[in-house]
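Here's the structure we're looking at; comments come further down.
The values are calculated or read from the model by the stated rules, or taken from the named source; none is laboratory data. The model shown is predicted, which means the values in this text are computed figures rather than measured ones. Heads up, the Cβs are rebuilt from the backbone with ideal geometry, glycines too, and the neighbour counts pull from every protein chain shown. Accessible surface areas use protein heavy atoms only, side chains included; no ligands, DNA or RNA. Shrake-Rupley method; radii C 1.70, N 1.55, O 1.52, S 1.80 Å.
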Amino acid sequence: MFTFQVTLRNYSAWPIDIVWENAVDLEHVAFLHRDTNYGFELLDVRPDPRGRFLYDSMTFIAKRKLLGIVPSVNFGHRWIADMYEIWQIDQNPLLGITTCLRSTLEPNPQDPAKTDMVDYVTITAPGLLKPFRRLLEAALRRHTRIQCQQDESFRARRAELRARGINLPPSLFNASLMEQRFAV
Ligand SMILES: [Fe+2]
């Protein structure tokens, strides 16, 4: 196994609160990022005991298409560590890759009404994949850049609603598998 770190910076033309709503939401993944994610299943959601956030943590399965064709299942767990900061662990059993992500938001220094998304990623992969480290890094950069661009439409929609005085609270649409099977 080998481990390496990557810092990713992406930019949004929208204010930090709108970008945060999108970051917390995972249910848009299966439709807005359909080209790379074809399914999303919520296994468990833990409510925020202090009521600050939409949830405290969640466990999920994200079904992705490697290279656009190979179906691949990722197990993920995320925790809202603080305002504008999410910690997430993803494991891909097929490739044996574990990704630890610290996802943060900052107002853009040039224009504080806009937002920088800064992701600190630590990847652990089998030694066999070491020659492909640069390729993995490039794929990760491309993946987050494309998803960030696709997310701009989500943010534009929320901003449009706010401009019309409609401020719908963020919500979870799906009951987790734990809730469905165990009525927790
Ligand atoms: Fe997204």
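Observations on the structure shown:
- Of the residues G51, G76, the single one that is assigned to a strand (DSSP E or B) and either within 16 Å of the ligand (Cβ to nearest atom) or not β-branched (V, I, T) (or both) is G76.
- Criterion violated by F182 - all others in (1) within 30 Å of L43 (Cα to Cα); (2) surrounded by 12 or more Cβ atoms within 10 Å (Cβ to Cβ) satisfied: (2)
- Residue count for segment 70-101, restricted to those that are under 15 Å from the mean Cα position of the chain (by Cα), open to solvent by 60 Å² or more (accessible area, probe 1.4 Å) and closer than 20 Å to R133 by Cα: 2.
- Qualifying residue in segment 80-101 (condition: within 16 Å of the ligand (Cβ to nearest atom), assigned to a strand (DSSP E or B) and under 20 Å from S153 (Cβ atoms)): no
- Residues that are in contact with a Leu (Cβ under 9 Å, 6 or more places away or on another chain) and farther than 18 Å from L172 by Cβ, drawn from segment 3-35: F4, V6, L8, S12, I16, V19
- Inter-residue pairs, beta-carbon under 8 Å, first under 18 Å from L8 (Cα atoms) and in segment 124-137, second open to solvent by 100 Å² or more (accessible area, probe 1.4 Å), 6+ apart: T124/M1
- Positions within segment 1-42 being farther than 27 Å from K114 by Cβ, open to solvent by 40 Å² or more (accessible area, probe 1.4 Å) and either more than 14 Å from the ligand (Cβ to nearest atom) or at pLDDT 95 or above (or both), in sequence order: M1, T3, Y38, E41
- Residue-level analysis places D35 outside the set of residues that are of a type in the set (D, E, K, R) and either within 22 Å of S176 (Cβ to Cβ) or free of Cβ contacts under 8 Å to residues at least 12 places away in the same chain (or both).
- Against the test of being of a type in the set (D, E, K, R), under 19 Å from V24 (Cα atoms) and more than 16 Å from the ligand (Cβ to nearest atom), the options R162, R145, R157 yield a single qualifying residue, R162.
- For L177, the stated conditions hold: it is over 18 Å from the mean Cα position of the chain (by Cα), more than 16 Å from the ligand (Cβ to nearest atom), of a type in the set (A, V, I, L, M, F, W, C) and open to solvent by less than 60 Å² (accessible area, probe 1.4 Å).
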